[in-house]
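Reviewing the structure listed below.
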Amino acid sequence: MNRKKKSNLTLSPGLFIKFFNNKKSFKKSKTIKILMIKYIRKIFLIIKLKDIVLLVKKTPKFFNEIITFFSTPIVHKFINPINNEFIEEVNDKVNEKKIKINFLYFFFFNTKNFTKNKLPKKGRIKRKILRKIIFENKLID
């Protein structure tokens, strides 16, 4: 999303499910999400994006796995459709040809609060006593 609140990239499991002969429950599985992450990584490698700011609206189920799969290099070669070159990420220490994608920031919009926010309720008798104390100590201006 840019400053004008227009999305530059959208991705849904429905794009990939038509290539598989599986049921609709396959859309919610972990494998399709990993496939989508690898697809996004390939797009970023083609565009040559290196620094990313990640905006997360809701916490995904497999967030740790998604980040690890996104940061691991793709094993096989693939063709860049723009200029028909092969893109290969190499893990060799000799060549040092590994392309690194950095996450600059993570922004979570709807975070889950794990602290106890509820205050214990007062009983009927304590509320009655509190009302009497407030009524008796009321100051008249």
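The values are calculated or read from the model by the stated rules, or taken from the named source; none is laboratory data. Since we're looking at a predicted model, the values are computed, not measured. No Cβ is skipped: glycine too gets one built from the backbone with ideal geometry, and neighbour counts run over all protein chains shown.
Yes or no, residue by residue, for (1) of a type in the set (Gly, Ala, Ser); (2) more than 22 Å from residue 105 (Cβ to Cβ); (3) under 15 Å from the mean Cα position of the chain (by Cα); (4) at pLDDT below 70:
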| site | (1), (2), (3), (4) |
| --- | --- |
| 5 | no, no, no, yes |
| 11 | no, no, yes, no |
| 15 | no, yes, no, no |
| 19 | no, yes, no, no |
| 31 | no, yes, no, no |
| 43 | no, no, no, no |
Q. If you go through segment 63-79, how many residues are surrounded by 14 or more Cβ atoms within 10 Å (Cβ to Cβ) and either assigned to a loop (DSSP other than H, G, I, E, B) or among the small types (Gly, Ala, Ser) (or both)?
A. 2
Q. If you check 104, 119, which single one turns out to be hydrophobic (A, V, I, L, M, F, W, C), more than 18 Å from residue 10 (Cα to Cα) and at pLDDT 85 or above?
A. 104
